[in-house]
Amino acid sequence: MSLFATKPIDDLIGAAHAGHGLRRALGPLHLIALGIGAIIGTGIFVLSGQAAAANAGPGIVLSMVLAGVTSALAALCYAEFAAAVPVAGSAYTYAYATLGELVAWIIGWDLILESGVSVAAIAVGWGGYLQSLLDAVFSVHLPNAISQPPGKGGTVNLPAVALVLAMTAMLLRGAR
């Protein structure tokens with residue numbers, strides 16, 4: 001068996017139609033709401049923008065244009081993936097169908113790493129929001145050791161952990 005063995009696109013499509021693939025559970029309105037929630041969900045983008053404005057000066061405009069062009073190119077790449085291999089599975093499935101098992105395995109682990117890093121950053125942002133809510137509404141202020149990320153004087157960020165566990169429970173329950 002070769003590390004570069006590919007899976008024929010017809011087999012992938014056949015498996016998806018036979019019920020072995022991912023089933024569609026969210027409709028267009030759900031996906032639009034999910035996208036809007038992801039866009040406005042956390043202050044991580046505001047914080048990075050403030051840091052860039054403080055350190056980048058007038059180059060911030062060029063960096064935002066470059067980020068926009070990069071995002072558009074990534075969107076075109078995913079559109080090409082979806083057109084070439086019309087089944088669920090993202091870059092992993094495309095790589096498996098075109099480049100082989102080894103490349104698909106590497107991309108699969110890269111996607112898991114990407115998700116872990118982004119979830120950690122977003123959890124810290126939402127943990128800050130939760131801490132602000134607890135402080136403003138209930139006058140509960142958690143000590144920095146349990147409410148800040150390790151880079152900012154904390155040992156463990158309990159609000160972020162609680163939010164990640166809540167989201168994990170929702171995902172285990174399933175999307176409907």
Exercise. State, to one decimal in nm, how far the label point of Leu31 lies from the label point of Phe138, with both points 7 Å from Cα in the Cβ direction.
Key: 3.8 nm
Quiz item: Per 10 Å bin, what percent of the C-alpha pairs of region 78-123 does each bin hold, from zero upward?
Solution: 29, 44, 23, 4
Quiz item: Roughly how many nanometres apart are two label points built 7 Å out from the Cα toward the Cβ at Ser90 and Ala162?
Solution: 2.9 nm
Quiz item: So if we plug the beta-carbon distance of Leu99 and Thr70 into 1/(1 + (r/R0)^6) with R0 = 25 Å, what FRET efficiency do we get, rounded to 0.05?
Solution: 0.65
Practice problem: Compute the semi-axes of the equivalent ellipsoid of region 71-159, taking the square root of 5 times each eigenvalue of the Cα gyration tensor, and list them largest first in whole Å. | Solution: 40, 15, 9
Quiz prompt | Å³ per residue enclosed by the Cα convex hull of the chain | solution = 182 Å³
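A short reminder: the numbers here are calculations on the coordinates, not readings from a lab. Being a predicted model, the structure only gives us computed values, none of them experimental. All Cβ positions, glycine included, derive from the backbone under ideal geometry; neighbour counts span all protein chains shown.
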